[in-house]
Amino acid sequence: MKHGFKTIIALISLVVLAGCAKEKKKATASEPPPPVVAVPSGPYVPPGSGPGQGPGQNWEYGATAELKLVSLSRMSDYTGRPMKNPTNIKVNVNLEKYGSGYGGHVSISYDDNGFHEEGYFTSGSSEQEVKYNIWFHKSGEYAYHGFFEDFLGGVILVIDEWIDLGDGAGPEDKIGGSIWFKNFGLTYAPHPPTRCWFVSLGPYDCRSWKTDRGVETTRAIDPDSGYQKLGTFTGMSLKDAFNGQTEEILANF
């Protein structure tokens with residue numbers, strides 16, 4: 001009889017433990033895993049052209065503005081080689097809305113020593129990939145952060161400048177901001193099969209505003225964690241940069 005009682009108690013304990021295990025499994029399964037992406041070698045080339053994709057042969061998609069460099073040496077750090085006299089330096093922003101974030105492509109071009117160079121950076125085009133690329137309010141400013149990458153490093157697009165005439169009608173179409181970069185550096189390790197802002201260890205970690213759970217993109221306006229400011233831009237069309245998807249952006253200004 002005593003043995004039977006112990007057996008019943010043991011069975012009840014197992015049921016309770018199984019229930020706890022199920023509850024724990026539910027809690028840890030709520031956060032979707034980082035998306036898996038193919039990362040081939042060689043320069044990154046956008047998949048075609050259009051809204052949220054490549055800017056096109058003449059950069060007819062997205063919005064383009066002059067990029068004013070912080071310094072020539074900073075440009076050399078960005079390209080990984082000594083720059084002589086880069087001219088016609090421009091940035092193109094070509095974004096679409098995916099879930100609560102805005103992603104797509106940021107392109108940077110320049111002329112130097114008789115050559116025209118173009119670099120393309122992508123955020124991917126899924127809701128999970130662009131979840132850190134959002135508009136937010138911080139210290140009285142309304143700003144946007146966007147993570148993008150190619151096969152050599154990551155860039156962060158910061159938009160924090162608006163033209164507001166002060167007439168109560170809200171901001172005009174023109175915006176400004178800055179481009180920040182962080183190169184991966186020399187490594188023979190393969191790129192992990194996910195975006196660099198989901199990498200938490202090693203040379204491919206391109207996160208900024210780090211937390212123990214990922215990224216807190218609203219913590220500050222300027223990036224940290226080793227990012228360097230490449231340059232600033234002004235007078236960019238908000239409507240063109242976000243391909244007309246500006247109603248929600250302006251409503252929260």
Given Lys182/Lys239; Lys84/Lys210; Lys84/Lys182; Lys68/Lys97, which pairs have Cα atoms separated by over 31 Å? Lys84/Lys210
Hey, got a sec? Which trypsin sites (Lys or Arg not before Pro) in the stretch 173-253 land in a DSSP loop and have at most 16 other Cβ atoms within 10 Å? Arg213, Arg219
GNM on the chain, C-alpha springs below 10 Å: top fluctuator among Leu72, Leu238, Leu157? Leu72
So which trypsin sites (Lys or Arg not before Pro) in the stretch 24-118 pass both tests, a DSSP loop state and at most 12 other Cβ atoms within 10 Å of the Cβ? Lys84
Report Rg (one decimal) and Dmax (nearest whole number) for the chain, counting Cα atoms only, units Å. 23.0, 95
Can you classify the stretch 104-237 as rounded, prolate or oblate using the Cα gyration tensor, where a ≥ b ≥ c are the square roots of its eigenvalues, rounded means a/c under 1.5, and otherwise it's prolate if a/b beats b/c and oblate if not? oblate
Specify the angular offset, from 0 to 90 degrees and rounded to the nearest 10, of the alpha carbon long axis of helix 2-28 from the longest principal axis of the alpha carbons in the chain. 10
What list do you get for Thr194, Thr234, Thr217, Thr187 if you sort them by fewest beta carbons within 10 Å? Thr187, Thr234, Thr194, Thr217
What is the Cα centroid distance between the stretch 174-218 and the stretch 95-150, reported in whole angstrom? 13
Per-residue HN-Hα couplings for the stretch 71-83, Karplus 6.51 cos²θ - 1.76 cosθ + 1.60 at θ = phi - 60°, whole Hz, x for Gly and Pro? 6, 5, 5, 5, 5, 5, 4, 5, 7, x, 8, x, 9
In debye to the nearest 20, how big a dipole does the stretch 43-251 give about its Cα centre with +1 on each Lys and Arg Cβ and -1 on each Asp and Glu Cβ? 640
Picking from Gly146, Gly176, Gly54, which is most flexible by a Gaussian network model of the chain using Cα springs under 10 Å? Gly176
Restrict the search to the stretch 213-253; then list the GluC sites (Glu not before Pro) that DSSP places in a loop and that have at most 15 other Cβ atoms within 10 Å of their Cβ. Glu216
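Each value in this text was obtained by applying a stated rule to the coordinates, not by laboratory testing. Since the model is a prediction, treat every value here as computed from it, not as a measurement. When we count neighbours, we look across all protein chains shown, and the Cβ atoms used for this are built from the backbone with ideal geometry, even at glycine.
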